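Structure first, commentary second.
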Number of protein chains: 2
Amino acid sequence: MKNYIGLDIGGTKILGVLYDEKGNPISKSKKKTKASEGIEVVMEQIVKVIDDLIEDNTVELAGIGAGIPGLVTDGGIITFSPNIPLRDFNLRKVLNKKYDVPVVIGNDVNVAMFGEFKYLNRSDLKHVLGLFVGTGVGGAIIIDGKLYQGQGAAAEFGHMVVNSDGVFCGCGSQGCLEAYASKWAIQEFLRSQIKKGRKSTLKDILETDDVIKSSAIEKAYSEGDEITAEAIDRAIRYLGIALGSLINLFNPQMIILGGGMMESMGKTLLSKLIEESELHTMPGLMKTVEFKLSELGDDAGVYGAYQLIINNK
Amino acid sequence: MKNYIGLDIGGTKILGVLYDEKGNPISKSKKKTKASEGIEVVMEQIVKVIDDLIEDNTVELAGIGAGIPGLVTDGGIITFSPNIPLRDFNLRKVLNKKYDVPVVIGNDVNVAMFGEFKYLNRSDLKHVLGLFVGTGVGGAIIIDGKLYQGQGAAAEFGHMVVNSDGVFCGCGSQGCLEAYASKWAIQEFLRSQIKKGRKSTLKDILETDDVIKSSAIEKAYSEGDEITAEAIDRAIRYLGIALGSLINLFNPQMIILGGGMMESMGKTLLSKLIEESELHTMPGLMKTVEFKLSELGDDAGVYGAYQLIINNK
């Protein structure tokens with residue numbers, strides 16, 4: 001029986017899962033990425049995860065899929081990664097040579113949202129978008145059931161301009177969706193309001209933690225924290241603008257909402273989000289879009305990587 | 001030798017061209033659409049154009065392609081057309097039954113920009129966007145060399161929100177690209193400035209004509225007409241915002257710029273447009289996008305329709 005490995009290579013940890021041919025997980029391995037220790041150590045860690053998963057002699061490895069933060073071209077050349085010291089590095093070739101199996105690598109958010117799509121197992125769906133709202137905002141474009149990656153960097157939904165006179169974004173542009181709707185942007189908004197002397201139940205956490213948990217934001221919001229409500233309303237407004245534009249561009253059958261913010265707050269916010277999207281969608285197009293919250297949580301990355309390799313080997 | 005017909009069905013006229021297998025035009029026919037006279041008269045006009053093209057006995061008709069303004073689903077059901085009285089009308093089935101050849105129909109702007117793409121005859125290009133700037137703003141998404149139509153209404157580039165607090169758009173949304181960059185929007189801007197008492201060489205034309213020619217706008221711009229310069233700068237700014245977002249979404253290899261406004265002013269404005277786009281594009285992505293002005297003019301529609309049928313029969 002053939003086996004496949006799905007890898008989720010993050011800035012702090014590498015998660016690997018061994019799957020059988022039917023997509024059932026068989027075993028799991030997790031190691032630190034050790035990104036600060038340089039490329040060779042990172043490669044050792046990746047290899048350790050894989051070796052862990054195949055040490056059982058009954059494993060017949062048939063392919064490796066991986067998601068990695070950053071720009072990935074030709075199915076496996078890491079052109080640039082913000083958190084991992086792999087630059088212009090052909091990870092696909094290295095792993096292919098070492099294990100002698102097909103390897104496909106993609107951008108982590110693209111891959112995770114592709115995993116969410118495939119997990120639905122709905123053959124009627126051909127054209128689907130995945131919007132990922134976490135610390136940053138990203139996404140995935142699925143066309144004819146396949147992950148569309150352009151020249152390697154497609155689906156940067158966080159960097160659509162939603163407010164041309166708006167706040168500056170880390171990417172160099174102005175008014176990007178990520179500057180309003182990411183957890184990072186929400187935090188920045190909360191910090192700016194607290195600096196003005198406004199009260200919030202999140203004040204202490206924001207002062208001690210660099211990055212707060214989505215669940216903490218959810219809690220403050222549901223308890224009626226005023227500035228949290230303002231931050232979330234602002235995020236929803238701009239997410240609606242972006243979703244309206246995306247529906248007008250792609251005329252998709254479904255939009256899947258994922259990422260930490262959506263996992264924590266999706267159920268609470270979904271109806272508001274649909275309402276805001278409809279304001280910016282051309283007449284008629286909303287009727288044929290289904291909205292869906294993601295289901296896989298932290299497993300989306302490895303499962304998407306498994307789907308990437310079995311669909312592209 | 002097999003022949004194909006490309007039809008460009010517009011609100012005022014129907015243009016048809018008979019092509020040989022290699023895409024060389026053989027003959028041409030043009031009739032009024034007679035849109036105001038109802039669906040049966042319009043169908044008669046379409047049939048007259050086709051019959052005109054095949055009356056020579058040597059023609060071996062092998063397929064018909066057509067572009068039509070409006071929402072087209074399933075390759076030929078006109079769900080809605082703003083200017084032609086075909087609503088929920090299966091034009092594909094009607095023509096297929098009458099002529100017993102494959103028929104494919106698409107949105108006119110999608111089809112015309114697909115024609116521009118295929119005319120380049122560049123097999124290295126897989127992922128390309130066509131931005132159409134005419135009386136309205138539209139476009140085409142080409143993925144893996146094929147026209148992507150979503151559920152029939154994709155590529156509504158004119159209805160991306162580029163300014164969330166901006167002017168209202170005919171579609172019901174606010175701050176759409178079309179409300180800034182279309183010829184219609186440019187005219188509205190000029191009229192509003194003239195009402196304020198500002199001078200313009202376009203004043204007389206704007207007062208007598210409903211829709212002025214792109215070439216008249218080009219002339220006023222090149223002669224230094226102040227409010228025309230303001231209108232064009234505003235259009236370019238928002239086109240740049242939209243193009244930046246589109247590059248971040250699709251990571252395309254090429255952007256083709258077409259439509260009346262681009263045909264008249266493209267050469268003059270291209271470098272400014274690229275400059276503005278770059279302000280909103282993620283680092284690195286501009287390097288791998290080629291910008292190209294369309295070449296086919298009024299023939300884009302019929303040629304695109306021919307390409308649609310030979311690629312989808």
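The values are calculated or read from the model by the stated rules, or taken from the named source; none is laboratory data. Note that this is a predicted model, so its numbers are computed, not measured. A quick note on method: Cβ atoms are made from the backbone with ideal geometry, for glycine too, and the neighbour counts reach across all protein chains shown.
List of remarks:
- Of all residues in the range B:119-131, those being crowded, with 20+ Cβ neighbours inside 10 Å and not hydrophobic (A, V, I, L, M, F, W, C) number 2.
- Pairs, first part of a helix (DSSP H, G or I) in the range B:171-197, second among the aromatic types (F, W, Y), C-beta under 7 Å, six or more apart: B:Y180/B:Y238; B:A181/B:Y238
- Selected residue (criterion: farthest from the chain's Cα centre (by Cα)) from residues of the range A:113-131 that are more than 14 Å from every other protein chain (Cβ to nearest Cβ) and not in a helix (DSSP H, G or I): A:S123
- Lone unmet requirement of (1) over 30 Å from B:N121 (Cβ atoms); (2) touching a residue at least 12 places away in the same chain (Cβ under 8 Å) for B:E263: (1)
- The residues of the range B:61-82 that are more than 14 Å from chain A (Cβ to nearest Cβ), among the aliphatic types (A, V, I, L, M) and touching a helix residue (DSSP H, G or I) at 6+ places or on another chain (Cβ under 8 Å), listed by number, are B:L61, B:I64, B:A66, B:I68.
- Leading residue by the ranking (farthest from B:T73 (Cα to Cα)) among those in the range A:249-275 that are surrounded by fewer than 22 Cβ atoms within 10 Å (Cβ to Cβ) and within 12 Å of another protein chain (Cβ to nearest Cβ): A:M254
- Hey, B:L279 surrounded by fewer than 19 Cβ atoms within 10 Å (Cβ to Cβ), in contact with a strand residue (DSSP E or B) (Cβ under 6 Å, 6 or more places away or on another chain) and modelled with pLDDT of 95 or more or not: no
- Hits in the range B:275-313 (condition: touching a helix residue (DSSP H, G or I) at 6+ places or on another chain (Cβ under 8 Å) and over 21 Å from B:V109 (Cα atoms)): B:E275, B:E276, B:S277, B:E278, B:L279, B:H280, B:T281, B:M282, B:L285, B:M286, B:V289
- Consider the range B:144-164 and keep the residues that are facing chain A (nearest Cβ under 7 Å) and free of Cβ contacts under 8 Å to residues at least 40 places away in the same chain. The one that is nearest to B:A185 (Cα to Cα) is B:H159.
- Checking A:A220 against (1) at the interface with chain B (Cβ under 9 Å from one of its Cβ atoms); (2) crowded, with 18+ Cβ neighbours inside 10 Å; (3) free of Cβ contacts under 8 Å to residues at least 60 places away in the same chain; (4) of a type in the set (G, A, S), the condition it does not meet: (1)
- Qualifying residue in the range B:202-210 (condition: at pLDDT 95 or above and part of a loop (DSSP other than H, G, I, E, B)): yes
- Unmet requirement for B:T79, which otherwise passes all of (1) more than 20 Å from B:G304 (Cα to Cα); (2) in a helix (DSSP H, G or I): (2)
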